[in-house]
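Heads up, the thing below is written out as structure tokens.
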Amino acid sequence: MWKILEMSGEKFFINCTLTNDEKIMCVLLSLNKCWFATLTDDEIKQKVELLNKRMEYNKFVKNTLLSGDLAQASIEELAQTNISDGVNKRLLKLKYRIEELPFKFEWSLTQACTEEFQRNFFLLLLLAVDGYRQQVQELKSIIQKKDEEIKQYRGEGFTLRRTTVLTKPFDADDFNNKRKDRKCVNNFEDLSKCVSALQGTHQLSNAVSSNELSD
């Protein structure tokens, strides 16, 4: 579940979710950069008990990490002297509350390279948006068919007793033109065709299946 964070006057998006191999991945996204980290259950347990002396790691604590409401968050740039591989890293400090007790957790995040960003975020985002576009098209088609059905009923002499449920015929063009992001949606049409074409290829299937995150 993506959430908005504001830290040091800058807005971020954060998502902690289970991977297919039952690890927890944390993704932190700004408008121009992406950081991520993946921890096993044992690594999370050790960190939970290290940072929270009065708390044991259990399913409820795990669910808090995945979907709990944050009480506080801050981010720090790790000094280069603490980084052996020279990779750009950040320390994300999170604070929750569990049954009125403070619960702290920290993620040591690594800045994603282009390939990692594409595999762990961009491809999944494109597929999700393309799925949303297809759903909208299907819903529009269903509504238009319902309008035809109602029109036929009326033509055969049927009427509604409850006038409060009367609706106007659905205008697909008017619906499309009212969208503030219409230009962006139109531009996405060509891109979505590319995504649909790639979806069946070996390359995209491997990229998504190996990194697909569970709901």
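The values are calculated or read from the model by the stated rules, or taken from the named source; none is laboratory data. This is a predicted model, so every value here is computed, not measured. Here the Cβ is made from the backbone with ideal geometry for all residues, glycine too, and neighbour counts use every protein chain on show. SASA here: full protein model, heavy atoms, side chains in, ligands and nucleic acids out. Shrake-Rupley method; radii C 1.70, N 1.55, O 1.52, S 1.80 Å.
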Can you tell me which of 69, 21, 42 is under 17 Å from the mean Cα position of the chain (by Cα) and open to solvent by 50 Å² or more (accessible area, probe 1.4 Å)? 69
Filter result for the condition that a residue is farther than 30 Å from residue 15 by Cβ and either open to solvent by less than 70 Å² (accessible area, probe 1.4 Å) or more than 31 Å from the chain's Cα centre (by Cα) (or both), over 119, 162: 162
Which residue is nearest to residue 13 (Cα to Cα), if the candidates are limited to region 57-96 and must be modelled with pLDDT of 90 or more and among the β-branched types (Val, Ile, Thr)? 75
Are any residues in region 166-182 modelled with pLDDT under 80, open to solvent by less than 100 Å² (accessible area, probe 1.4 Å) and either of a type in the set (A, V, I, L, M, F, W, C) or assigned to a loop (DSSP other than H, G, I, E, B) (or both), and if so, which ones? 179, 181
Suppose we keep only residues that are at pLDDT 85 or above and charged (D, E, K, R) within region 124-153. Which one would you say is nearest to residue 2 (Cα to Cα)? 138
Pairs please, first residue from region 1-19 and assigned to a loop (DSSP other than H, G, I, E, B), second anywhere and buried (at least 16 other Cβ atoms within 10 Å of the Cβ), Cβ atoms under 6 Å, 6+ apart in sequence or on different chains. 2/15
Determine, yes or no, whether residue 145 is touching a residue at least 12 places away in the same chain (Cβ under 8 Å), open to solvent by 70 Å² or more (accessible area, probe 1.4 Å) and among the charged types (D, E, K, R). no
Of all residues in region 24-39, which are within 14 Å of the chain's Cα centre (by Cα) and either at pLDDT below 90 or among the polar types (S, T, N, Q) (or both)? 29, 30, 34
Some residue of region 93-114 being under 18 Å from residue 29 (Cα atoms), open to solvent by 80 Å² or more (accessible area, probe 1.4 Å) and not aliphatic (A, V, I, L, M): yes
